[in-house]
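Readers should treat all values here as calculations from the given coordinates under stated rules, not as data from a laboratory. Remember, predicted model here, so these are calculated numbers, not experimental data. Glycine gets a Cβ as well: all are built from the backbone with ideal geometry, and neighbour counts include every protein chain shown.
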Amino acid sequence: MTYYSILSYKNVVREEKAELPACFADLNLNQVINAITSKKEEYYLKPFFYAPLRDIETIRYRHEVMRDMEGEMLMAHIRAFAEKMVLVRRYLALVEKLDFNYHKKGWFLEAALVYCDAVTDLARDLSLAEIKSRGFLAFREYVLSYVRSRGFESLAAEARKVKAGLSSVKYSVVIQLGKFSVKKFEGETDYSVEVETTFEKFKQGAVKDYRLDLYKGSGMNHIEAQILDFVARLYPEKFAALDHFYGGHSQFVDETIRIFDREIQFYVAYLEHIADFKRQGLVFCYPQVSVASRDVYDHDGFDLALAYTLLNTEKPVICNDFYLKVPERIIVVTGPNQGGKTTFARTFGQLHYLASLGCPVPGSEAQLFLFDQIFTHFEKEEDIRNLRGKLQDDLVRIHGILARATPDSILIMNEIFASTTLKDAIFLSKEIMARVMELNLLCVWVTFIDELAALSEKTISMVSTVLPENPALRTFKIVRKPADGLAYALSLAEKHRLTYAQIKERIKL
Amino acid sequence: MKVFLMHRERDSDPKQKLPPNKAALTQDLELITLFNAMALGDKFLFEVANQVVLSSLDEPDAIRYRQDILKDCLKNAAIVREIYQIPIQSIQNKQKHWLGIFSQYPGGILSSAISLLQMFVGLLRKLKQIADEHADEFESEGFKRFFAMIQQELSDDYFSVVENHLKELRFRKGVLFSAELGNGNEGVNYILRKANHRGRNWVKRVLSRKSPVYSFTLHPRDDHGARALGELKDRGINLVANAVAQSADHIDSFLTALRLELAFYIGCLNLAEQLAPMGEPIAFPAAVDSSERRHAFTGLYDICLALTMKKKVVGNDVNADGRELVIITGANQGGKSTFLRSIGLAQLMMQSGMFVPAESFSANVCTGLFTHYKREEDTSMKSGKLDEELSRMSVIVDNITPNSLMLLNESFAATNEREGSEIARQITCALLDGRIKVFFVTHQYELAHGFHDKKMDNAIFLRAERKADGGRTFKVIEGKPLQTSYGKDLYHKVFGTDE
């Protein structure tokens, strides 16, 4: 198989969209994608995440690569490779800025050394790695033939030789007032060690480090440059070799390697992001995807954006299940406020979006639909002085959505009409629901209107629940059942887990 | 060189985490009064007292180590206070002469470190002199080790080596260092060197050898170059400046540690010197392992009450060895709370290595001390009073471990007696099952009587003593719970009415 890209089995020229999909804000997908890409700014990964797919074969191709990347060894190898490539770019950028001859050439040599290292290690690691994906198998072939090419071999050998020569150089400097001298080093003893030994006995644990950070990154002043020139005069052959190397290898980074280095970060970024959640016991799965079947389900799913904000807090992430079996198309969510209804709706949208990128999704098992568009309508906290204007805006927006939606679209409605009168809300909701059913949209509808839940065979009811013992406590569980608002009293002690049996459980002997 | 006067084998850690219930302990046991008495207005002494008293030792042996040192301090108070002045002197010298390492550059770091070291050497000589003169008068393991260390490490020879270095490090002739080529051919591994031939003309000798030498003299008006050369010199002396500055810091830390570790004992001296004139006794407690159940004392008094009243207060004698549940009932304002506080204070003081306010005292150490007191005010509007009490109790249960000591003061009484007693009963039973020693002050008859009827071997019942005429002695004596609390008495007294 010919290697084209680690993101696709086909040789397609993808256009990179930098534009945020419309559903991003309501579904908090902007938070999710920002979190995923924030530590990888230099790869400019967002366009990859802004391009959902409806091509099942490409999604499978990505699943295979992602599964390979889940192997810790392969992930570690790719990370090591990426870190080196970062250095290569940093050094080459530095070379452009520097002024002094041997300083510039010195950094050029470093860049080449790191690049050779990166590619050689990657080739070796891939040839030993257990890989199954079409993507990695094809890429491995490419890299192996590249490292065996004459051009690469000579680059690597010469770079190592020149470096070895320069590393063996050792010189001494004597500084007097307004004057300095340079000579070869002649084995004089280390004075710092003597001073340290004298005061050794007072050591009290960590104290401030007074060493000045010597690494300034770029720049060498004319005194240092002068010293380097003197050193070059002390060791002429070693510097002649450097001149030769610089002349012979101006563009050494391979284009396919360069693109791979960026594209593979799509997988790294996603897997690194979900690793934190996995450590907390949350699960992810590779969903079955379909453009035909309207049966969808997910077990133990959760809102990835919320889970991210709950990281490093004591609060647990609550997982929820859902399923829709034809002819069911619409999940109507009711129940107490702050019970996780909106989160549930977002989760439904996020799962479908992430599935369309070819990523594993929150949940233990999932089947999801490959949509053409996701539409969302979330009630915004608005200026209540202009209720009539707001209702009108809402209706205009919903009308627009329904006009653009196709039977392949997904719609997420959240607490619309919450600020109109009940009578109006019921009337409008029923009207719109009828249109949604007519369009046969896959839909999640969060509402306070119980009647919507049992409108037809297409709707199912799910309810946010509370602890039966203490209605003040939300479980954030959304379960499939008819709407009810049961509340149970509970003794205070039990609530505080202070009954005899509860305390015995809590105090560990 | 380590001070090791607080722990046998480690430094005192001023940042050691205090127990999560430190605020409750401080409030319920009125610890601020104790810390103020130890500090006598000195902020640092206050902080140290606060830190040490709240971070209990839980090994009897570690407690005895401090007790012995404290006994030495009580015996040689003047000498100990003189030693304590040495780190204080260091702080004053630094302030007076602006000593300290403030420079960002190796050259500046080096010269200020040298000045600092010269000042420290003077103080260390003084410490050595005290050790030479008084070491014999101390008996504790801790002080003996401390003085022996001073005498061994700070010999006259050592002082002369140090002073020689301080002279050489001024680099009057020039600086010699080696370097290598690092990444990008930038100089790395700058190491200060001592020329193979020392002597006044070492620079000349180094440069006149046979191998080639390239020299460069700066144009007198090349300011930029002069600065660059200065920077280069700084790189050369970077490591040695670091070594010298760190040495200065280490000695500074040693003096800081000395101040920190002595501060606790100075606080104890201050405290003892206030109790003596009142005629209040102090005793070194016998601490036994946390797995045992011991609590026996005579003349145990509430030290905070004594310090506040500035006079001798009532002490109690109780033998509760082998008991795990102590229920204290009886008259309001009869000394129940004072008694409970004296139990908590003595436990904390014992486990910090202090003397305790009693004629004699022995107890098992506890792995944690917890207090749950009825709070007068409900600070949060959200939760009712019982809800608030229960939520505090729940936090305690989160943190409590077997062999802890739990002090409950009128807890769970914010509801009717039957319910309150039931909640309290369940909590107490579960704590006892968790091998936690419980002292419970209550006026809830249902609760106290219920436990009394069980005839438990491991329980003891105490009562605030009431004289036949209704007057109070503020003494707590052994006795079973009585049906009436004495609120009525109080009512009559306050309202000036007769029964």
Query raised in the report: What's the extension gain from B:LYS144 to B:LYS311 if we count 0.36 nm per residue and subtract their Cα-Cα distance?
Result: 56.4 nm
Query - Structure-based [θ]222 nm, chain B - -39500 (n - 2.57) summed over DSSP H runs of at least 4, per residue, nearest 500 - result: -17000 deg cm²/dmol
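Do any of B:LYS126/B:LYS233; A:LYS203/B:LYS167; A:LYS17/A:LYS315; B:LYS437/B:LYS480; A:LYS105/B:LYS204 go past 26 Å between their Cα atoms, and which? Write out the running numbers ahead of the final one.
Values: B:LYS126/B:LYS233 36 Å; A:LYS203/B:LYS167 22 Å; A:LYS17/A:LYS315 36 Å; B:LYS437/B:LYS480 19 Å; A:LYS105/B:LYS204 35 Å.
In this structure, B:LYS126/B:LYS233; A:LYS17/A:LYS315; A:LYS105/B:LYS204 lie more than 26 Å apart at Cα.
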Query raised in the report: Counting Lys and Arg as +1 and Asp and Glu as -1, each charge on the Cβ, what is the dipole of chain A about the Cα centre in debye, to the nearest 20?
Result: 540 debye
Report task. Kindly express, to the nearest 10 degrees and within the range 0 to 90, the angle between helix A:72-97's C-alpha long axis and the longest C-alpha principal axis of chain A. Result -> 60 degrees
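Using a Förster distance of 35 angstrom, determine the FRET efficiency expected from the C-beta separation of B:LYS210 and A:HIS244, and round it to 0.05. Walk me through the intermediate numbers first.
Working: r = 31 Å, r/R0 = 0.88.
E between B:LYS210 and A:HIS244, to the nearest 0.05, is 0.70.
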Requested in this report: Sequence neighbours fewer than 8 away in the same chain don't count; with that in mind, list the lysines whose C-alpha is under 19 Å from A:LYS10.
Outcome: A:LYS132
**Report entry** Selection from A:LEU109, A:MET75, A:MET85 lying farthest towards where the dipole of the stretch A:54-164 points positive, charges on Cβ
**Finding:** A:LEU109
Report summary line: P(r) over all Cα-Cα pairs of chain B, 20 Å bins from 0 to the longest distance, whole percent per bin, short to long, reads 19, 38, 23, 14, 5, 0
Query raised in the report: Computed on alpha carbon atoms, what radius of gyration and Dmax characterise the stretch A:146-292, expressed in Å?
Result: 26.0, 84
Query raised in the report: By how many nm would the segment from A:ARG258 to A:GLU314 lengthen if fully extended, with 0.36 nm per residue of separation less the alpha-carbon distance?
Result: 16.0 nm
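Please tell me which of these pairs span more than 21 angstrom C-alpha to C-alpha: A:LYS170/A:LYS201; A:LYS39/A:LYS84; B:LYS17/B:LYS374; A:LYS325/A:LYS458; A:LYS477/A:LYS504?
Values: A:LYS170/A:LYS201 33 Å; A:LYS39/A:LYS84 16 Å; B:LYS17/B:LYS374 26 Å; A:LYS325/A:LYS458 9 Å; A:LYS477/A:LYS504 28 Å.
Cα-Cα > 21 Å for A:LYS170/A:LYS201; B:LYS17/B:LYS374; A:LYS477/A:LYS504; rest within.
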Query raised in the report: When the Cα centres of the stretch B:81-142 and the stretch A:17-60 are compared, how far apart do they sit, in Å?
Result: 62 Å
Report summary line: With Cα coordinates, the longest principal axis of chain B makes an angle with the long axis of helix B:336-351, in degrees rounded to 10, of 30 degrees
**Report entry** Cα-centred dipole magnitude for the protein assembly as shown, charges only on beta-carbon of K, R (+1) and D, E (-1), debye, nearest 20
**Finding:** 2640 debye
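To the nearest 20 debye, what charge dipole does the stretch A:56-171 have about its Cα centre, counting +1 at the Cβ of each Lys and Arg and -1 at the Cβ of each Asp and Glu? Mind showing how you got there, number by number?
Details: 20 positive and 16 negative charges, 75 e Å.
Charge dipole of the stretch A:56-171: 360 debye, to the nearest 20.
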Requested in this report: Report, in degrees rounded to the nearest 10, the 0 to 90 angle that the Cα long axis of helix B:417-433 makes with the longest principal axis of chain B.
Outcome: 50 degrees
Query raised in the report: What is the projected area of the convex hull of the Cα atoms of the stretch B:178-274, averaged over all directions, in nm²?
Result: 12.6 nm²
Query - For B:249-257, mean number of other protein chain Cβ atoms within 10 Å - result: 4
Report summary line: Hits in the stretch A:435-461: amide N under 15 Å from the 7 Å Cα→Cβ extension of A:ARG397, namely A:446
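State the antiparallel share, in %, of DSSP beta bridges confined to chain B, rounding to the nearest 5.
Numbers: 16 of 39 bridges.
Of the beta bridges lying entirely in chain B, close to 40 percent run antiparallel.
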Query raised in the report: Taking the Cα atoms of the stretch B:73-130 alone, what are Rg (to one decimal) and Dmax (as a whole number) in Å?
Result: 14.5, 49
Report task. Determine the shielding of peptide B:168-179 by partner chains: average, over its residues, the number of Cβ atoms on other chains within 10 angstrom of each Cβ. Result -> 5
Report summary line: Rounded to the nearest 0.05, FRET efficiency between B:GLU153 and B:LEU40 (Cβ-Cβ, R0 30 Å) equals 0.35
Query raised in the report: In deg cm²/dmol and to the nearest 500, what is the mean residue ellipticity at 222 nm of chain A if only DSSP H runs of at least 4 residues count, each as -39500 (n - 2.57), divided by the residue total?
Result: -15500 deg cm²/dmol
Query raised in the report: Between Rg and the Kirkwood Rh of chain A, both from Cα atoms, what is the Rg to Rh ratio?
Result: 1.12
**Report entry** Cβ-based net charge around A:ASP295, under 11 Å, with every Lys or Arg adding one and every Asp or Glu removing one
**Finding:** +2
**Report entry** Positive-pole candidate from B:ALA413, B:VAL244, B:ILE436, dipole of chain B, charges at beta carbon
**Finding:** B:VAL244
Report summary line: With the dipole of the protein assembly as shown defined by +1 on each Lys or Arg Cβ and -1 on each Asp or Glu Cβ, the option from A:THR120, A:ALA275, B:GLN118 whose Cα lies farthest towards the positive pole is B:GLN118
Query raised in the report: Computed FRET efficiency, Cβ-Cβ of B:ARG170 and A:ARG480, R0 51 Å: what is it to the nearest 0.05?
Result: 0.05
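Which of rounded, prolate, oblate describes the protein assembly as shown, given a ≥ b ≥ c as roots of the alpha-carbon gyration tensor eigenvalues and a/c under 1.5 marking rounded, otherwise prolate only if a/b is larger than b/c?
Cα axes put the protein assembly as shown in the oblate bin.
So for the protein assembly as shown: antiparallel DSSP bridges make up what percent, rounded to the nearest 5?
Details: 49 of 94 bridges.
Taking every DSSP beta bridge within the protein assembly as shown, about 50 percent pair in antiparallel fashion.
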